[in-house]
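Here's the structure we're looking at; comments come further down.
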Amino acid sequence: MKVDSVFITGANRGIGLEFVRQFSLLKDAPRLIFATYRNPETIQDLKAIQDSSSKSRVILIKMDVNEEEDRDIAKQIVEENVGDKGLTLLINNAGMAQLMAFPSLTAENLEVHFKTNAVAPILLLQTLFPLLETAASASNSSEMSASRAMVLNITSMAGSIERTGKELKMDLVVPGYKMSKAAFNMGMRVIAANVKDKGVLVVNMCPGWVKTDMGGHERAMLTVEESISTMLKTLGELNDTHHGTFMDRSANLYPF
């Protein structure tokens, strides 16, 4: 897998940060890594990767995924750097989760989950999609792949409607998160159906239960290193047959 450029949201910690680190260390590392963050006080680790990266140019972008102006500015920055090569890979990783179970739910809790986890990444994709189309058109390949043009949506098995209340029970305390991820999965499935002739591969992937601030340190089963290394391996194996699917980090399909 050779990815010329990658744009990663929520890159200042956890899964996003590890994506930046592992991409920068690949034998055939991306030429450009765009890493977004919200709070300048949280980017020490990102800056360390930026300073030590010898194969990739790591470009830090202050961006709140919920802000239209920030998304537009990010697009301009990417456009100026990728030129006529376009953007190869968008990783929609930024998200949030707040504990609040039924019957104590509030409209505010539900709304903030939907806004951040479902609406924002779809609008970001809409903003950056012309750059992904450019990459797809510039490629010598006619097959969909991460090396041509791709959107990787970091979602969760918690968003599976079919599995909720059956084998998935412990996450019932975060219904706002679950509902927003189900909406996110559906939104990206709709988009995948709309762009199937554009050459841009769209995949929804669950990284597993990872030891991050959002995932829960004590009980989570995977380290971020394990999760991202598996996902990177899987990325190189994806093709047209995976377009619009919902899968785990090893490409095993989940039911929507």
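The values are calculated or read from the model by the stated rules, or taken from the named source; none is laboratory data. In this text the structure is predicted, and so the values were computed from the model without any measurement. Here the Cβ positions follow ideal geometry from the backbone for every residue, glycine too, while neighbour counts run over all protein chains shown. Quick note on the areas: whole protein, heavy atoms, side chains included, nothing else; ligands and nucleic acids left out. Shrake-Rupley method; radii C 1.70, N 1.55, O 1.52, S 1.80 Å.
I'm checking my understanding of the structure. Among residues of the stretch 4-40 that are within 12 Å of the chain's Cα centre (by Cα) and of a type in the set (Phe, Trp, Tyr), which one is nearest to Val78 (Cα to Cα)? Taking the candidates together, the pick is Phe7. Scanning the stretch 129-145 for residues that are open to solvent by less than 50 Å² (accessible area, probe 1.4 Å), more than 19 Å from Ala193 (Cβ to Cβ) and among the aliphatic types (A, V, I, L, M) yields Leu131, Ala135.
Can you tell me which residue within the stretch 75-94, out of those that are in contact (Cβ under 8 Å) with a residue 40 or more places away in the chain and polar (S, T, N, Q), is nearest to Val6 (Cα to Cα)? Before the answer, list the steps.
Applying the first criterion (in contact (Cβ under 8 Å) with a residue 40 or more places away in the chain) to the stretch 75-94 yields 75, 77-79, 81-82, 84-94.
Add one more test, that the residue is polar (S, T, N, Q), and what stays is 81, 88, 92-93.
On the way: Asn81: 12, Thr88: 6, Asn92: 11, Asn93: 12 Å.
For the stretch 75-94, the residue satisfying everything is Thr88.
Per the conditions (1) crowded, with 23+ Cβ neighbours inside 10 Å; (2) part of a helix (DSSP H, G or I); (3) on the phi > 0 side of the Ramachandran plot, the sole criterion not satisfied by Gly83 is (1). Taken over the stretch 95-110, the residue count meeting the criterion of being without any contact (Cβ under 8 Å) to a residue 12 or more places away in the chain and open to solvent by 90 Å² or more (accessible area, probe 1.4 Å) is 2.
Restricting attention to strands (runs of 3 or more DSSP E) lying wholly within the stretch 1-77, give those where 2 or more residues are surrounded by fewer than 16 Cβ atoms within 10 Å (Cβ to Cβ). Don't jump to the end; show me each part of the working.
On the way: elements: 5-8, 32-37, 57-62.
In the stretch 1-77, the matching strands (runs of 3 or more DSSP E) lie at 57-62.
Does Leu132 fit the bill of being farther than 30 Å from Gly165 by Cα and under 15 Å from the mean Cα position of the chain (by Cα)? Considered against the rule, which asks whether it is farther than 30 Å from Gly165 by Cα and under 15 Å from the mean Cα position of the chain (by Cα), Leu132 comes out as yes. Being on the phi < 0 side of the Ramachandran plot, surrounded by fewer than 23 Cβ atoms within 10 Å (Cβ to Cβ) and modelled with pLDDT of 95 or more is a property that does not hold for Asn117.
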